[in-house]
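Note sheet for the following structure.
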Amino acid sequence: MTDTKGNEKSTANAMWGGRFSAGPAEIMEKINASIDFDKRLYAQDIQGSKAHAQMLAKQGIISDDDAAQILKGLDQIKGEIEAGTFEFSRALEDIHMNVEARLREIIGDPAGRLHTGRSRNDQVITDMRLWLRDAVDGIDTRLAALQDALIAQAEQHADVVMPGYTHLQTAQPVTFGHHMLAYAEMVGRDRGRLADCRKRMNECPLGSAALAGTSFPIDREATAKALGFDRPMANSMDGVSARDFIMEFLAAASIISVHLSRLAEEIVIWASDRFRFIELTDAFTTGSSIMPQKRNPDAAELVRAKPGRIIGSLVSILTVMKGLPMTFAKDMQEDKEPLFDAVESLILAVEASAGMVADMKPRPDVLRAALAAGFPTATDLADWLVRVLGMPFRNAHHVTGAIVALAEKKGVDIAELSLEELQSVESAITQDIYSVLSPESSIQSRTSFGGTAPDNVRAAAAEARKRFSV
């Protein structure tokens, strides 16, 4: 129904019931409506409504015939939405009212029985849990693909030596494969956080109704099972008001995005002219509108920026929820847009990261040459003094520091100092010291669990594939 100006106010009031006799102000309609963004919940909303209708019929609350008409009508509505022929109305506020109004147009009075024993309060949060559960599963699949790409790089480049850094200063030699496996482990923990989050969110609020439950003899166990939940939520007030599952997901998503950003930053550095550690193809780089020589790692830079949006979504939801009493308040409508944006941003970032990791090619010669600076085997020298000469490590550290200072003064690497020069600092040093001063000997010696020795890397890659199922 419309007023003289063609507005759909009367329709909205009819959906609310007989309490209101006048339509909302235009700005009220605009701020109150969520259909512009919550229409993406249509599949979950229809899924939940079908389970609810089937339960109502089984419990004898509505007739089997009404339930059959409702199910058929809901299937038709889903088809219309997916075909792009469904007309969404802002005056009907949200996806729930839009579906219900269309259902009434299709089947008439039986549509009005669908809402028995439930409220929009438990309906919307059921939709959200279903939607986010699906999103988590999709993100986990994409993270597994990223892990696969990282482990594949580790397997292929287990012997490629490169500088390992602390403070972005040369520290010790590592292998490219070992570096890749570090990120594979980080992603593994990310997937674990998502799994924990999914487990806690997988409880069904449907049947909590507005906040106090319902007097109808509904079967919440049946609807929970039909929708793939582990169990119904135990408290109806908690059922309609809890948004911690969104907060927990966004916290996990924020950590994932930070990990991806760290990887992206290394890709940006490694692809730069100053480092040239890796090559990226045209697939993940862009050019310049004015400088024809440029190859910019824009995909990595955009991944690096995504935490700004995702962490912002977390802060947004925390801020919305922090002052709300039990149970439902319209403030909670603001949970959807940040969540939807965060999920979209995270999916893009994970997919781009997996693509870049699979695409990039390390430059072994450049990586090896980078070990000529920064005295990366200084720790190996100190360890030799401890192991062979029996020197206390702190003494060995002091002696090694003096040798590094001598090499720095002469403008050479430690391995390029003569035996006489080394003995001028510590007379007990022998020719055997040179056996530990190459990057290759350094990485071969790092055989402790979790170390960078190539055989370790190969074994760790195989174990990671098994542990993470990739």
Among (1) more than 17 Å from GLU301 (Cα to Cα); (2) out of contact with any strand residue (DSSP E or B) (no Cβ under 7 Å at 6 or more places or on another chain); (3) part of a helix (DSSP H, G or I); (4) open to solvent by 10 Å² or more (accessible area, probe 1.4 Å) - the single one GLU221 does not satisfy: (2)
Selection count, segment 403-414, where residues are within 47 Å of the chain's Cα centre (by Cα) and assigned to a helix (DSSP H, G or I): 6
Which numbered condition ALA135 misses (of (1) out of contact with any Lys or Arg (no Cβ under 9 Å at 6 or more places or on another chain); (2) over 30 Å from PRO364 (Cβ atoms); (3) free of Cβ contacts under 8 Å to residues at least 24 places away in the same chain; (4) in a helix (DSSP H, G or I)): (3)
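Being out of contact with any His (no Cβ under 9 Å at 6 or more places or on another chain), surrounded by fewer than 16 Cβ atoms within 10 Å (Cβ to Cβ), within 17 Å of GLY117 (Cβ to Cβ) and touching a residue at least 40 places away in the same chain (Cβ under 8 Å) is the requirement here; does LYS58 meet it? Walk me through it before giving the result.
Values: out of contact with any His (no Cβ under 9 Å at 6 or more places or on another chain): yes; surrounded by fewer than 16 Cβ atoms within 10 Å (Cβ to Cβ): yes; within 17 Å of GLY117 (Cβ to Cβ): yes; touching a residue at least 40 places away in the same chain (Cβ under 8 Å): yes.
In short, yes.
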Long-range neighbours under 9 Å by Cβ, at least six apart or interchain, first residue in a loop (DSSP other than H, G, I, E, B) within segment 256-283, second open to solvent by 60 Å² or more (accessible area, probe 1.4 Å): ARG276/ARG363; PHE277/ARG363; LEU280/ARG295; LEU280/LYS361; THR281/LYS361
Residue check for MET326: at pLDDT 95 or above and open to solvent by 40 Å² or more (accessible area, probe 1.4 Å): yes
Residue check, ASP365 out of contact with any Asp or Glu (no Cβ under 7 Å at 6 or more places or on another chain), of a type outside the set (Phe, Trp, Tyr) and open to solvent by less than 50 Å² (accessible area, probe 1.4 Å): no
Pairs, first at pLDDT 60 or above in segment 15-34, second part of a loop (DSSP other than H, G, I, E, B), C-beta under 7 Å, six or more apart: GLY23/ASP3; GLY23/ASN7; ASN32/PRO24; ASN32/GLU93; ALA33/GLU93; SER34/GLU93; SER34/ASP94
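Given LEU371, LEU381, which one is in contact with a strand residue (DSSP E or B) (Cβ under 7 Å, 6 or more places away or on another chain), in a helix (DSSP H, G or I) and either open to solvent by less than 40 Å² (accessible area, probe 1.4 Å) or not assigned by the TED database to the domain that holds ALA271 (or both)?
Working: LEU381 fails: in contact with a strand residue (DSSP E or B) (Cβ under 7 Å, 6 or more places away or on another chain).
Going through LEU371, LEU381 in turn, the sole match is LEU371.
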ALA154 part of a helix (DSSP H, G or I), touching a residue at least 24 places away in the same chain (Cβ under 8 Å) and either at positive phi or in contact with a strand residue (DSSP E or B) (Cβ under 9 Å, 6 or more places away or on another chain) (or both): yes
Subset tally (residues that are loosely packed, with under 15 Cβ neighbours inside 10 Å, hydrophobic (A, V, I, L, M, F, W, C), assigned to a loop (DSSP other than H, G, I, E, B) and assigned by the TED database to the domain that holds ALA378) for segment 415-463: 1
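Just to check your reading of the model, which residue among ALA182, ALA212 is closer than 18 Å to ILE256 by Cα and either without any contact (Cβ under 8 Å) to a residue 40 or more places away in the chain or assigned to a loop (DSSP other than H, G, I, E, B) (or both)?
Details: ALA212 fails: closer than 18 Å to ILE256 by Cα.
None of the other options fit; the residue is ALA182.
The values are calculated or read from the model by the stated rules, or taken from the named source; none is laboratory data. Values in this document were obtained by computation on a predicted structure and should not be read as measured data. FYI the Cβ positions are ideal-geometry reconstructions off the backbone, even for glycines, and counts take in every protein chain you see. Areas reflect the complete protein model, heavy atoms only, side chains present, ligands, DNA and RNA absent. Shrake-Rupley method; radii C 1.70, N 1.55, O 1.52, S 1.80 Å.
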